[in-house]
1. Is there a residue being open to solvent by 10 Å² or more (accessible area, probe 1.4 Å) and modelled with pLDDT under 95 anywhere in the stretch 105-112?
2. Just to be sure, is F143 farther than 14 Å from R114 by Cα, within 11 Å of the ligand (Cβ to nearest atom) and either open to solvent by 70 Å² or more (accessible area, probe 1.4 Å) or assigned to a loop (DSSP other than H, G, I, E, B) (or both)?
3. Looking at (1) surrounded by fewer than 19 Cβ atoms within 10 Å (Cβ to Cβ); (2) in contact with a helix residue (DSSP H, G or I) (Cβ under 7 Å, 6 or more places away or on another chain), find the lone condition where T26 falls short.
4. Suppose we filter A48, A76, A10 for residues that are more than 17 Å from the chain's Cα centre (by Cα), surrounded by fewer than 21 Cβ atoms within 10 Å (Cβ to Cβ) and either more than 10 Å from the ligand (Cβ to nearest atom) or of a type in the set (A, V, I, L, M) (or both); which single one remains?
Amino acid sequence: MEIVLASNNADKLREIREILGPMGITVVSQSEAGCHFEAEETGETFEANARIKARAAGAATGRPCVADDSGLEVNAMDNGPGVYSSRFCGDRSYRETCREIVSIVDGSDDRGARFRCAVVCVFPNGDELTAEGVIEGTIGHVFEGEHGFGYDPIFVPEGHTHSMACLTDAEKNAISHRGRAFRAFAEKLQKYMGKEHTPC
Ligand code: IMP
């Protein structure tokens, strides 16, 4: 089946294609589907933002559209930047933003953090599927690794000694918040498609 990803972020598209491709789900970007805008993320939760993006792309394309919203929650920042992860970086480089987070966490005795991802898929008939994925970890002391993007170089997944940016895409997908959320979504989607195609 083919599904539109309500994003034009090339990093995300690559990761999500790697996760859903082996399950027989072809992912096209919203611009490939003829939708050239990104809805404003005005929600207060990851799920609300994912729903806003999926509904906007669904209305524009008339096709099944899936969106995710994700971010980093840092204990020492009262679970921020959270839904504001992208805006917290703003026009700065991620290197600079990561440095600020490390310095905040260095001043605390709690290095705990997690990446969280919510997925919402909307169908032209109004049906909706949702899923969530979380990966726990800590904020590292140093910036390390060349893979991934965003806050990966300062996030050390639980059970690992190096940052998420030291993992290959495949290794990251196997444990990441997005990998977990999209695999949970793919399972629900397969059940949903099964139901849709069951003769009455
Ligand atoms: P989005 O709104 O889901 O596109 O993501 C919000 C922001 O969260 C991104 O711009 C990154 O700053 C951060 N983020 C989300 N997922 C990841 C990840 O896998 N690695 C590093 N940063 C991430």
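The values are calculated or read from the model by the stated rules, or taken from the named source; none is laboratory data. Computed from a predicted structure; not experimentally measured. Cβ placement follows ideal geometry from the backbone for every residue including glycine, while neighbour counts extend to all protein chains displayed. We work out accessible area using only protein heavy atoms, side chains counted, and drop any ligands, DNA or RNA first. Shrake-Rupley method; radii C 1.70, N 1.55, O 1.52, S 1.80 Å.
1. No - not one qualifying residue is present in the stretch 105-112.
2. No: the conditions fail for F143.
3. Evaluating T26 over (1) surrounded by fewer than 19 Cβ atoms within 10 Å (Cβ to Cβ); (2) in contact with a helix residue (DSSP H, G or I) (Cβ under 7 Å, 6 or more places away or on another chain) leaves (2) as the failure.
4. A76
One line per residue, one yes/no per condition, for (1) more than 15 Å from the ligand (Cβ to nearest atom); (2) not β-branched (V, I, T):
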{"residue": "A60", "(1), (2)": "yes, yes"}
{"residue": "V66", "(1), (2)": "no, no"}
{"residue": "S85", "(1), (2)": "no, yes"}
{"residue": "S103", "(1), (2)": "yes, yes"}
{"residue": "D106", "(1), (2)": "yes, yes"}
{"residue": "E128", "(1), (2)": "yes, yes"}
